[in-house]
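Structure first, commentary second.
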Amino acid sequence: MEFVIGFDVDEVIIDVGQALFDFFNTKFNSNFSKEDFIEFDFHSAYGITKEQTIEYLLEFYQTEEFQGIVPREDALEYLPKIKSLGPNIRIDLITSRFGDDAKKAAYNMISNYFSDDIRQIHFAEHSSSNYGRKHQILESIGARVFVDDHLLNVADASTVCEYVFLMDQPWNRDAGVISKYFPDGFPDNVEVIHSIKDAYYKIDKIYNV
Ligand SMILES: [Mg+2]
């Protein structure tokens, strides 16, 4: 039986972070850094509508900066190690990327860096829609473990996966923000990790019990 592990892409396998803020800062003559975002809320930070945010994101996805982003070093080193834990390990990516440019960049990343390690990529709908949300995909592929940086996705996934790891980022650290998604604190199957290396050691323990 396959042991399915799901990974989010942005801010987990690759750090889009600063490139994205640089793009918006140029547009809006602002000076935000990744660390300023204690809650992931682009449109209110820049005083624009959600529709405008999507428009700008589609533009950002076309840039060389975005298309040329290399995966995080810990992902390059440890995703293959996770895959090598056993013959029945299957790694799938589940991402909310939208638009052809962002999808193309994701396919390129897999074929350039992880062609032996990643089985499949699934494109989820935006978290505001009820159809094709990440946890529905996770359930349909039978993922036992999932790694994501967004609290909403982690909260949803914790209802369908055995283990969910929250990749530490500025927008998921603040106690007040966390309590919006987890009023009673993290459930037992949710843990914070700081790297794909952390994920490797935790998955190794789960897999080898
Ligand atoms: Mg993400």
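Counting only residues that are farther than 23 Å from LEU20 by Cβ and not acidic (Asp, Glu), the range 84-110 holds 8 of them. State whether the residues of the range 125-137 include one that is within 27 Å of ILE69 (Cα to Cα), touching a Phe, Trp or Tyr at 6+ places or on another chain (Cβ under 7 Å) and of a type in the set (A, V, I, L, M, F, W, C). No, because not a single residue in the range 125-137 is within 27 Å of ILE69 (Cα to Cα), touching a Phe, Trp or Tyr at 6+ places or on another chain (Cβ under 7 Å) and of a type in the set (A, V, I, L, M, F, W, C). Within the range 138-163, which residues are among the aliphatic types (A, V, I, L, M) and within 13 Å of the ligand (Cβ to nearest atom)? Listed by number, the residues that qualify are VAL147, LEU151, LEU152, VAL154, ALA157. In the range 135-149, the residues that are free of Cβ contacts under 8 Å to residues at least 12 places away in the same chain never reach a residue that is surrounded by 23 or more Cβ atoms within 10 Å (Cβ to Cβ) with C-beta atoms less than 9 angstrom apart, at least six apart or across chains.
Of all residues in the range 107-139, which are loosely packed, with under 12 Cβ neighbours inside 10 Å, modelled with pLDDT of 95 or more and assigned to a loop (DSSP other than H, G, I, E, B)? Across the range 107-139, the qualifying residues are SER115, ASP116. Just to be sure before I move on: is GLU51 over 30 Å from LEU85 (Cα atoms), away from the ligand (no atom under 16 Å from the Cβ) and touching a residue at least 24 places away in the same chain (Cβ under 8 Å) in the structure I sent? The answer is no for GLU51. Taken together, the criteria exclude SER140 from residues that are under 29 Å from PHE60 (Cα atoms) and of a type in the set (Gly, Ala, Ser).
Scanning the range 92-120 for residues that are in contact with a helix residue (DSSP H, G or I) (Cβ under 7 Å, 6 or more places away or on another chain), within 15 Å of the ligand (Cβ to nearest atom) and over 19 Å from LEU138 (Cβ atoms) returns ALA102, ALA105.
The values are calculated or read from the model by the stated rules, or taken from the named source; none is laboratory data. Not measured: the values here are computed from a predicted model. Cβ coordinates were reconstructed from backbone atoms using ideal geometry, including for glycine residues, and neighbour counts include every protein chain displayed.
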